[in-house]
Amino acid sequence: MASTVATALLVSSCGGGSGDTSTNSQRTNTTGPCTRPTPTPTWNSALDPLKAQDSVRFFKECVGTLAVYYPLTECVKDNKSGLIWEQKKASGPQAANTYFTNFDSTAGKQVSNGGDAINDGRPATQAEINASYNSVGYINLVNGLGVCGGTWRLPNKDELQGLIQRIDPNWVLNHMNIGGYWSSSPQENIVDGDVAFSVAHHGMNRTGSNRENGFFVRLVRN
């Protein structure tokens with residue numbers, strides 16, 4: 001588990017103001033010309049509870065002196081980590097309750113092929129990697145939709161556990177209270193790469209899991 005790192009609370013702003021936590025996606029800047037907020041530094045603690053003031057709408061652009069933010073239903077920024085998290089939906093292509101495999105390489109033996117991957121495994125095909133039911137295919141989908149204008153990825157195990165342990169459901173939408181979530185982190189010392197870390201829905205543990213298992217996915221971007 002990542003160790004606690006003391007940092008000052010930085011809030012996404014435009015012209016020095018605080019982050020917009022209202023239901024509106026636009027806000028007039030009254031302190032001067034609208035400018036892009038300064039990025040916040042990386043913060044890697046999994047211990048400090050996520051408070052509303054730590055979560056803000058993600059800045060999109062300036063239109064004159066008007067600061068425009070992405071809708072909270074699309075993404076949310078965690079000001080303590082500086083990371084932007086994908087918001088999940090109740091249904092549709094970004095539905096929160098969709099299970100995914102986690103194949104990410106055509107090398108090694110990521111597919112068990114009926115037995116354990118090491119003794120009776122095979123590499124994943126590119127079609128399996130790009131499939132809609134696999135994490136990489138889902139990343140391609142979300143990037144193709146242009147969600148919050150960014151290049152999305154799977155979080156590593158520390159980023160993911162740090163978020164899950166600090167979730168405020170008013171800000172991180174449609175979190176599943178069963179099962180687990182895939183991370184991008186392979187389990188160390190697994191030669192064939194068939195095991196990656198998943199993080200339990202409550203965030204209290206992370207486990208090496210066979211990549212063909214079905215877990216949920218919540219993407220992140222910097």
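The values are calculated or read from the model by the stated rules, or taken from the named source; none is laboratory data. Keep in mind that what you see is a predicted model, and the values were worked out from it rather than measured. Please note: Cβ atoms are built from the backbone with ideal geometry, for glycine as well, and neighbour counts cover all protein chains shown. With ligands, DNA and RNA removed, areas are computed over all heavy atoms of the protein, side chains included. Shrake-Rupley method; radii C 1.70, N 1.55, O 1.52, S 1.80 Å.
If you go through segment 200-222 and keep only what is within 15 Å of the chain's Cα centre (by Cα) and open to solvent by 10 Å² or more (accessible area, probe 1.4 Å), you end up with 200, 201, 215, 221, 222. Just name the residue that is most open to solvent (accessible area, probe 1.4 Å) out of those in segment 67-104 that are modelled with pLDDT under 90 and over 15 Å from the mean Cα position of the chain (by Cα). Filtering first and then ranking leaves 71. Can you confirm whether residue 136 is in contact with a helix residue (DSSP H, G or I) (Cβ under 6 Å, 6 or more places away or on another chain), assigned to a helix (DSSP H, G or I) and surrounded by 17 or more Cβ atoms within 10 Å (Cβ to Cβ)? Answer is yes for this residue. For segment 186-193, the condition holds for no residue, the condition being that it is outside any loop (DSSP other than H, G, I, E, B), under 18 Å from residue 100 (Cα atoms) and open to solvent by less than 30 Å² (accessible area, probe 1.4 Å). Being β-branched (Val, Ile, Thr), more than 13 Å from residue 217 (Cα to Cα) and touching a residue at least 24 places away in the same chain (Cβ under 8 Å) holds for only one residue in 129, 139, and it is 129. Each residue in segment 162-182 was checked for being outside any loop (DSSP other than H, G, I, E, B) and open to solvent by 10 Å² or more (accessible area, probe 1.4 Å), and 1 pass. For first residues located in segment 196-218 and in a strand (DSSP E or B), partners that are β-branched (Val, Ile, Thr) and open to solvent by 10 Å² or more (accessible area, probe 1.4 Å) and lie 6+ apart or on another chain with Cβ distances below 6 Å form the pairs 198/207; 199/164; 208/195. Which of the residues that make up segment 150-173 are of a type outside the set (A, V, I, L, M), in contact (Cβ under 8 Å) with a residue 40 or more places away in the chain and in contact with a strand residue (DSSP E or B) (Cβ under 7 Å, 6 or more places away or on another chain)? Matches in segment 150-173: 150, 151, 152, 153, 155, 157, 159, 161, 168, 171. When the criteria are applied in full, residue 142 fails the requirement of being under 20 Å from residue 80 (Cβ atoms), open to solvent by less than 40 Å² (accessible area, probe 1.4 Å) and touching a Leu at 6+ places or on another chain (Cβ under 7 Å).
Could you say whether any residue in segment 149-158 is open to solvent by less than 30 Å² (accessible area, probe 1.4 Å) and either outside any loop (DSSP other than H, G, I, E, B) or of a type in the set (Lys, Arg) (or both)?
Let us first name the residues in segment 149-158 that are open to solvent by less than 30 Å² (accessible area, probe 1.4 Å), namely 150, 152, 154-155.
Next cut, either outside any loop (DSSP other than H, G, I, E, B) or of a type in the set (Lys, Arg) (or both) only: none.
Within segment 149-158 (the criterion being open to solvent by less than 30 Å² (accessible area, probe 1.4 Å) and either outside any loop (DSSP other than H, G, I, E, B) or of a type in the set (Lys, Arg) (or both)), the answer is no, since none of the residues qualifies.
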